[in-house]
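Each remark here refers to the structure printed beneath this line.
The values are calculated or read from the model by the stated rules, or taken from the named source; none is laboratory data. Every value quoted in this text rests on a predicted model; they were computed, and no experiment measured them. Here the Cβ positions follow ideal geometry from the backbone for every residue, glycine too, while neighbour counts run over all protein chains shown.
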Amino acid sequence: VNGTSATAKSEKIPAIAHPLAEDPAEVAANINYHAKYSPHFSPFKFEPEQAYYASAESVRDRLVQQWNETYLQFHKVDPKQTYYLSMEYLQGRALTNAIGNLNIQDAYADALNKLGHDLEEVVEQEKDAALGNGGLGRLASCFLDSMATLNLPAWGYGLRYRYGLFKQLITKEGQKEIAEDWLEKFSPWEVVRHDVVFPVRFFGRVEVYPNGSRKWVEGEVFQALAYDVPIPGYKTKNTISLRLWEAKASSGDFNLFQFNDGQYESAAQLHSQAQQICAVLYPGDATESGKLLRLKQQFFLCSASLQDIIQRFKERKNGKDTWQWSEFPSKVAVQLNDTHPTLAIPELMRLLLDDEGLGWDEAWDVTTRTVAYTNHTVLPEALEKWSQSVMWKLLPRHMEIIDEIDKRFLEMIRVTRPDLESKLHNMRILDNNPQKPVVRMANLCVVSAHTVNGVAQLHSDILKAELFADYVSVWPSKLQNKTNGITPRRWLRFCNPELSNIITKWLKTEQWVTNLDLLVGLRQFADNADLQEEWASAKMASKQRLAQYVLRVTGVSIDPNSLFDIQVKRIHEYKRQLMNILGAIYRYKKLKGMSPDERKNTTPRTIMIGGKAFATYTNAKRIVKLVNDVGDVVNTDPEVNSYLKVVFVPNYNVSVAELLIPGSELSQHISTAGMEASGTSNMKFSLNGCLIIGTLDGANVEIREEIGEENFFLFGATADQVPKLRQDRENGLFKPDPRFEEAKQFIRSGAFGSYDYNPLLDSLEGNSGYGRGDYFLVGHDFPSYMDAQESVDAAYKDRKKWLKMSILSTAGSGKFSSDRTISQYAKEIWNIEECRVPSS
Ligand code: C3B
C-alpha cells in the first residue's frame, strides 16, 4: 500500500482543497498537495515518512490561519499577556495532539486511509521535540496546552536547541549518550520569522556618560532569530506561540578576506560560536568554558525575549496619545520557570534604565511588578550559583545592576528589619566568600519577584519553613503554592483513547476533557461489574500494545497477565530507583528459594524502569547498568521468569511515556520525603487508573488525599522525620533490615555479573554526608517499602478490588489538570483574563 504515488487510492480526491477542509477527501487533497508541491523528498515516493510530513504541513496550514487570528485578537484587545520563560520544553510529538485539539482526527484517519496509509503508523514517523530534561520541561509544555485551551493571552519563550536531550543507548557497558538529531530532516511545526531578530551582546564594557547614565558597549554581538511553534488549544480557535530563539552571527561577521586566504576556521569564527550557543541543552559544565556557555544560553533567552516583549508593548501603545512605563506591568507578566531565566531581572532593569532612560526607582517598580518566579527544587546542587568573576566578564552591566539590587536590599533590611541582621548573610544575593564569590540566583529571584511559588503544597510549605523562611517574615504574602498539573488531552484523551471512550460513555459527556473535576462522577460506578470489565479490557489492550513495544525495543517478551509495575523518570539517587531494583533483587532471591508450587501462589510481576542519567552523574549511570544486569539474569532464568521480569526501557521520552502510562497498573513514586518538589508523572499514572506505591512526598500527598488513602500504597519516613533519621544514622543508631542486607549482599556476591557495584552500594553504607551514609535513606525505608509491596501483591489477587481502586484513582485525579493549575496562576499571580478568538 505504501506505494509510489501520493494518489494510490485517489479516485475521488480533488486536486486542491480549502485549507480548513474537514471532509476526508478534501483533507486527502491537501495532504496530496503538500506531498507534490512543497516537496522535501524525491517525487513519486509516498511512504509513511512522506505521508507524515505532508500531513503535518496540511495541519499546519490550518494552524497558521488560527494562529494569525489569535495574534490579531490579542493585538486588538490588547489584554495583559503572560510570557512564560523556560530553558526547557518537552513537547514530544505534535501531530496527534494537533489533530486531536482541532477535533479532526477522524478526517485525517480516513484521508490517510484513502492515500493508502494508516494514521497510527504515520504519526510514529515524527521525532520527539525533546528540548527539555524532565518534569520541569514537560510541565512547561503542559502549561502551554492549558493556556491555549483556556484562551489565555500567553506565550512561551525558549531556545531552539539544535540537538535535543541526548538519545540513550543501552550497551554492555550501560548507558551511552548520542546526539538526538530531532532536526535531522526538519520540523514541519516551526515557522522561522525572518523579520523577528534581536541583537544579544556578550562581554564588552560599561561606558559612563557625564550625566551619569551608563551603557553596555563593545564585546560580541549575536543575533537572536525567532522560530515560532503553534500551540493549538483544545476545541477552540485560540492558537498561541512557543517562540524559540536561534543564535546567528551577522553576515558581516564572515571574514571573506581570511577565507580566501585559506584561514577557513577563523574566517567563520563568530558563525561557529553562534552555533555553539543553541547546540545542546545543558552542555557539560565541569569545565569553565562549559559554565560560560550555559550562562550565555540563559542570557540569550532572557535578552531576546525581553526585547521582543518590550517591542510588542510599545507597538500596542503606538497611536495612543500618552502612555507611561508604569503601565508595563498591567500589560506584561513574566514568569520565570525556575532560576534558569533569572537574568531576565537585571536585563529588564538594564533595558529600562539604559535604553529607555528610566530612573532606578521607576525601573525597579516596573520590574518587580512584572516578574514572578517558580521554584522547582530544594536540592542544593540545583539551586544555581554563578561565579561573580564570570558574570563580571560576560555581563558587566548586569553585575553592576545586581550589585545595586543587593546593596539596596541590605539597606532596606537594615532599616526596616534590624532583627534580621544575623540572617542577612544567607538572605543577600551576593555571596562574597573570598574563596568563591558567587551570585545566588534564587535569592535574586525572591528579592525581585512579586510572587514566588512552589509546585505542590508540601514543597511550598518547605520553602516557607526552610529555604525561604527568612524572606517570609519580610514579605508574608509573596510565597504561594501552585500545585502542578498535567494536560488531560495528551495524557488521557489522546494517549489512551480506549479508556477515554469508556469514561465518556459512563459520564455521558466528553466535557471531562476540559473540566477534569467531572471524573468524580465515576466514583458511583466503581463497584459496577460492567464498568469494571470494560475498564479491565481497556487496560489489557494497552498492556498488550506495551508488551509489543517492549519486545521490539529490548527483545524481552513480557506477559500481559502479569502486574505491570513501572518507574520512569530521570535517574537520580533521591528518586531511589536503587530501592526499586533492590526490592526486585530481593523478590528474585525469594522466588529462587521457593518450590514450584509456592511460586504458583505469587503474583507475577513485570518491573519496568526507564529514564536517562545525566552523562556525568556516575552513580545514576551505575544504577542504569545495574537494572540492565539484573534484567539479563532474571529474564533468562527459566525457574522464575514466568513470575518476574525486570526490563529497562531505553530512551525514555514523551512518546514512550504515552505508551507506558496507559499500560501501567502500579507505578513507583518513592523519593526520599521532602526531596521531590512535586512530581508530575505520578499524576499521569493516577489519571490513567494506575495505582501508586509511594512516599509522602511532593504531589503524592495531594494525590493520596484526592483518591483516598485506601487506594494508595504508602510507606516510608515523612519529610519532618528525615533530619532526625540522618542524625541517628550519624550517631550509629541505624539498624538495617535483614532483607536490605541480603539484597545488597547478593549484588556484592557477583550474582549479576562482574561489574564492580561496590562503589554504588557503598553509598548506602557509612555514617554521614551527602551521597554517603545513605543520605537518601534507602535503608531506613526499605522494610516498609517491602511490606507495601506485599500489600500490592495481595491486592492484585483480588481482581474486583484492584479494578475498583483503579477506577477510583482516575475518578480522584480531577484536581491534577494543568487547566486548574493555569487558572490559578492566571488569577492569583498573573492577573490575566481570557481573550477568546471569536468563532467566525
Ligand atoms: C522538577 C522536579 O524535580 C519535580 O518534582 C517537579 O514535578 C517538576 O520539576 C515540575 O515542577 N525539576 C526538574 O525537572 N528540573 C529541575 N531543574 C528542577 C526541578
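Just checking, which of Ala154, Ala179 is touching a Ser or Thr at 6+ places or on another chain (Cβ under 6 Å), small (Gly, Ala, Ser) and either away from the ligand (no atom under 16 Å from the Cβ) or free of Cβ contacts under 8 Å to residues at least 40 places away in the same chain (or both)? Sole residue among the options that is touching a Ser or Thr at 6+ places or on another chain (Cβ under 6 Å), small (Gly, Ala, Ser) and either away from the ligand (no atom under 16 Å from the Cβ) or free of Cβ contacts under 8 Å to residues at least 40 places away in the same chain (or both): Ala154. Only strands (runs of 3 or more DSSP E) whose full extent lies in region 198-259 are considered here, and the ones with at least 2 residues that are touching a strand residue (DSSP E or B) at 6+ places or on another chain (Cβ under 8 Å) and surrounded by 14 or more Cβ atoms within 10 Å (Cβ to Cβ) are 214-217, 220-232, 239-248. Across region 797-839, the number of residues qualifying as part of a loop (DSSP other than H, G, I, E, B) and in contact (Cβ under 8 Å) with a residue 24 or more places away in the chain comes to 11. Per the listing Leu516, Leu499, the residue uniquely closer than 21 Å to Ala140 by Cβ, in contact with a Pro (Cβ under 8 Å, 6 or more places away or on another chain) and hydrophobic (A, V, I, L, M, F, W, C) is Leu516. Scanning region 743-763 for residues that are surrounded by 15 or more Cβ atoms within 10 Å (Cβ to Cβ) and under 30 Å from Ala795 (Cβ atoms) turns up Ala743, Lys744, Phe746, Ile747, Ala751, Phe752. Pairs linking a residue in region 608-626 that is assigned to a loop (DSSP other than H, G, I, E, B) to a residue that is among the β-branched types (Val, Ile, Thr), with Cβ atoms under 6 Å and 6 or more positions apart or on different chains, are Gly611/Val568; Gly611/Ile571; Ala613/Ile571; Ala613/Val624.
Candidates are the residues of region 446-493 that are aromatic (Phe, Trp, Tyr) and in a helix (DSSP H, G or I); the one that is farthest from Met147 (Cα to Cα) is Tyr471. Going by the conditions given, is Pro188 assigned to a loop (DSSP other than H, G, I, E, B) and on the phi < 0 side of the Ramachandran plot? Answer is yes for this residue.
When region 379-409 is filtered for residues that are touching a strand residue (DSSP E or B) at 6+ places or on another chain (Cβ under 9 Å) and of a type in the set (Val, Ile, Thr), only Ile402 remains. For Glu356, the conditions (1) in contact (Cβ under 8 Å) with a residue 60 or more places away in the chain; (2) surrounded by fewer than 18 Cβ atoms within 10 Å (Cβ to Cβ) are fulfilled apart from (1).
The residue pairs whose first member lies in region 73-85 and is closer than 12 Å to Leu152 by Cβ, whose second member is part of a helix (DSSP H, G or I) and among the hydroxyl-bearing types (Ser, Thr, Tyr), and whose beta carbons are closer than 7 Å, counting only pairs six or more residues apart or on different chains, are Lys80/Ser330; Tyr83/Ser305. Which pairs turn up if I take residues in region 310-328 that are within 15 Å of Lys80 (Cβ to Cβ) and look for partners that are modelled with pLDDT under 95 and loosely packed, with under 10 Cβ neighbours inside 10 Å with beta carbon separation below 8 Å, at least 6 apart in sequence or on another chain? If the second residue must be modelled with pLDDT under 95 and loosely packed, with under 10 Cβ neighbours inside 10 Å, no pairs are left. Taking the criterion of being away from the ligand (no atom under 16 Å from the Cβ) and not in a helix (DSSP H, G or I), the residues of region 51-110 that qualify are Asp78, Pro79, Lys80, Gln81, Thr82, Tyr83, Arg93, Ala94, Leu102, Asn103, Ile104. Gln66 - would you say it is crowded, with 17+ Cβ neighbours inside 10 Å, touching a residue at least 40 places away in the same chain (Cβ under 8 Å), under 21 Å from Phe328 (Cα atoms) and of a type outside the set (Lys, Arg)? No; evaluated as a whole, the condition is false for this residue.
Inspect region 588-601 for any residue being under 22 Å from Leu691 (Cα atoms), hydrophobic (A, V, I, L, M, F, W, C) and not in a loop (DSSP other than H, G, I, E, B) and give the result as yes or no. Among the residues of region 588-601, not one is under 22 Å from Leu691 (Cα atoms), hydrophobic (A, V, I, L, M, F, W, C) and not in a loop (DSSP other than H, G, I, E, B), which makes the answer no.
Within region 314-344, being within 16 Å of the ligand (Cβ to nearest atom) and in a strand (DSSP E or B) holds for Gln335, Leu336, Asn337. Each residue in region 501-535 was checked for being under 30 Å from Asn375 (Cβ atoms) and surrounded by fewer than 17 Cβ atoms within 10 Å (Cβ to Cβ), and 2 pass. Looking at region 452-461, is at least one residue more than 16 Å from the ligand (Cβ to nearest atom) and within 30 Å of Lys815 (Cβ to Cβ)? No, region 452-461 has no match at all. Any chance region 128-141 includes a residue that's of a type in the set (Lys, Arg) and buried (at least 21 other Cβ atoms within 10 Å of the Cβ)? Among the residues of region 128-141, at least one is of a type in the set (Lys, Arg) and buried (at least 21 other Cβ atoms within 10 Å of the Cβ), which makes the answer yes. Within region 130-145, being more than 6 Å from the ligand (Cβ to nearest atom), of a type in the set (Gly, Ala, Ser) and outside any helix (DSSP H, G or I) holds for Ala130, Gly132. Taken over region 548-598, the residue count meeting the criterion of being surrounded by fewer than 20 Cβ atoms within 10 Å (Cβ to Cβ) and either among the acidic types (Asp, Glu) or within 16 Å of the ligand (Cβ to nearest atom) (or both) is 5. Scanning region 481-500 turns up no residue that is surrounded by fewer than 19 Cβ atoms within 10 Å (Cβ to Cβ), farther than 22 Å from Gln335 by Cα and of a type in the set (Ser, Thr, Tyr).
Scanning region 698-709 for residues that are of a type in the set (Asp, Glu) and either touching a residue at least 12 places away in the same chain (Cβ under 8 Å) or within 16 Å of the ligand (Cβ to nearest atom) (or both) yields Glu702, Glu706.
Residues in region 753-763 that are within 18 Å of Phe782 (Cβ to Cβ) and touching a residue at least 12 places away in the same chain (Cβ under 8 Å): Tyr757, Leu760, Leu761, Ser763.
Name the single residue that is surrounded by the fewest Cβ atoms within 10 Å (Cβ to Cβ) among those in region 711-742 being touching a residue at least 60 places away in the same chain (Cβ under 8 Å) and under 30 Å from His459 (Cα atoms).
Looking at residues that are touching a residue at least 60 places away in the same chain (Cβ under 8 Å) and under 30 Å from His459 (Cα atoms), I get Leu714.
Scanning region 675-697 for residues that are more than 13 Å from the ligand (Cβ to nearest atom) and assigned to a loop (DSSP other than H, G, I, E, B) returns Asn688, Gly689, Cys690, Leu696. Going by the structure shown, is Glu347 within 16 Å of the ligand (Cβ to nearest atom) and either of a type outside the set (Phe, Trp, Tyr) or surrounded by fewer than 17 Cβ atoms within 10 Å (Cβ to Cβ) (or both)? So Glu347 fails the test.
In this structure, Asp308 does not satisfy being buried (at least 16 other Cβ atoms within 10 Å of the Cβ) and on the phi > 0 side of the Ramachandran plot. Look at region 370-394 and say how many of its residues are assigned to a strand (DSSP E or B), away from the ligand (no atom under 12 Å from the Cβ), closer than 30 Å to Glu828 by Cα and not aliphatic (A, V, I, L, M). Residues flagged as assigned to a strand (DSSP E or B), away from the ligand (no atom under 12 Å from the Cβ), closer than 30 Å to Glu828 by Cα and not aliphatic (A, V, I, L, M) within region 370-394 amount to 2. Residues that are among the aliphatic types (A, V, I, L, M), under 23 Å from Arg622 (Cα atoms) and not in a loop (DSSP other than H, G, I, E, B) within region 719-765 comprise Ala743, Ile747, Leu760, Leu761, listed in sequence order.
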